[in-house]
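The values are calculated or read from the model by the stated rules, or taken from the named source; none is laboratory data. Computed from a predicted structure; not experimentally measured. Backbone-built Cβ (ideal geometry, glycine too); neighbour counts: all protein chains shown. With ligands, DNA and RNA removed, areas are computed over all heavy atoms of the protein, side chains included. Shrake-Rupley method; radii C 1.70, N 1.55, O 1.52, S 1.80 Å.
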Amino acid sequence: MRVIITENYEEMSKRAAKIIAEQIKRKPNSVLGLATGSTPLGTYKELIRMHREEGLDFSKVVTFNLDEYYGLAPTHPQSYHYFMFENLFNHININPRNVHIPDGLAKDIKAFCENYEEEIRRAGGIDLQLLGIGRDGHIAFNEPGSPLMGRTTIIALAEETIKDNARFFKSEAEVPRLAITMGCGTIMEARKIILLANGEGKADAIAATVEGPITSQITASILQMHPNAIIIVDEAAAMKLRRKDYYRHVNRLLEEQGL
Ligand code: F6R
């Protein structure tokens, strides 16, 4: 696990966007795994800027989103479908046919989830997966206790997540209680993973993810097993890491080698 500590949110976002842009330039038909929430907004803004000002080309890029609230139509303003078009897809030259987001209205959930996995496989697997992290250590919507080898499935949101996400809805009561999410096993098959976190509120989750034991109580901790995972955090989210100096030292040496 490589840990990159940035001064602030803006620098975190730019680092992530740069890695994504390099991936797309190296392989124009890259398969990207994408996240929603507040954390990746700056990264998406920077990717939009790169598209507009530097001609970053998304025409062959294929995307798979991590999750969607169950029960929300794609047109619902709080759906992750709506979020992705509003904050990224409407502003870049992606082919909408290459966009995949779990269907919040799927009737046969089991068949839908199996098919989502199959579509990822048919696309050749995910080259680069972008992740945020919940305060309870979840990745995608794999709440504490979710299987660390799990596949795409329907899950019940934890109380903490419902409270955290209420800020996007008129009231807490409106937050859907269920979601369709890629499993940790699905995520772990991505060839490269970037996890972003900013702000003090994520400091405990980041410390547990990076320096705690691997446990289904902090599903992000499974990333310790991934050969190519990069954790990019701002100073506030890095606050509780004990080995900060070492991570800085590693990055200095790797950057000197252009890595
Ligand atoms: C969103 C997702 C979630 C969020 C996490 C953090 O697609 O999979 O795991 O990344 O809940 O959300 P924010 O960024 O809003 O703090």
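Taking the conditions exactly as written (open to solvent by 60 Å² or more (accessible area, probe 1.4 Å) and not aromatic (Phe, Trp, Tyr)), does PRO102 satisfy them or not? So PRO102 fails the test. For region 137-150, the set of residues classified as surrounded by fewer than 21 Cβ atoms within 10 Å (Cβ to Cβ) and in contact with an Asp or Glu (Cβ under 6 Å, 6 or more places away or on another chain) consists of PRO144 only.
Scanning region 155-177 for residues that are open to solvent by 60 Å² or more (accessible area, probe 1.4 Å) and under 23 Å from HIS100 (Cα atoms) returns ALA156, PHE168, ARG177. I need the full set of residues from region 84-94 which are open to solvent by 50 Å² or more (accessible area, probe 1.4 Å) and assigned to a loop (DSSP other than H, G, I, E, B), in order please. ASN93, the sole residue that qualifies. Within the bounds of region 199-208, is there any residue that is among the small types (Gly, Ala, Ser), without any contact (Cβ under 8 Å) to a residue 60 or more places away in the chain and open to solvent by less than 10 Å² (accessible area, probe 1.4 Å)? Looking for residues that are among the small types (Gly, Ala, Ser), without any contact (Cβ under 8 Å) to a residue 60 or more places away in the chain and open to solvent by less than 10 Å² (accessible area, probe 1.4 Å), one finds at least one in region 199-208, hence yes. Return a yes/no flag: does region 97-105 have any residue that is more than 16 Å from the ligand (Cβ to nearest atom), under 15 Å from THR152 (Cβ atoms) and not basic (Lys, Arg). Within region 97-105, not a single residue is more than 16 Å from the ligand (Cβ to nearest atom), under 15 Å from THR152 (Cβ atoms) and not basic (Lys, Arg). Taking region 120-144 as the range and being more than 15 Å from the ligand (Cβ to nearest atom) and over 16 Å from the mean Cα position of the chain (by Cα) as the test, the residues that pass are ARG121, ARG122, ALA123, GLY124.
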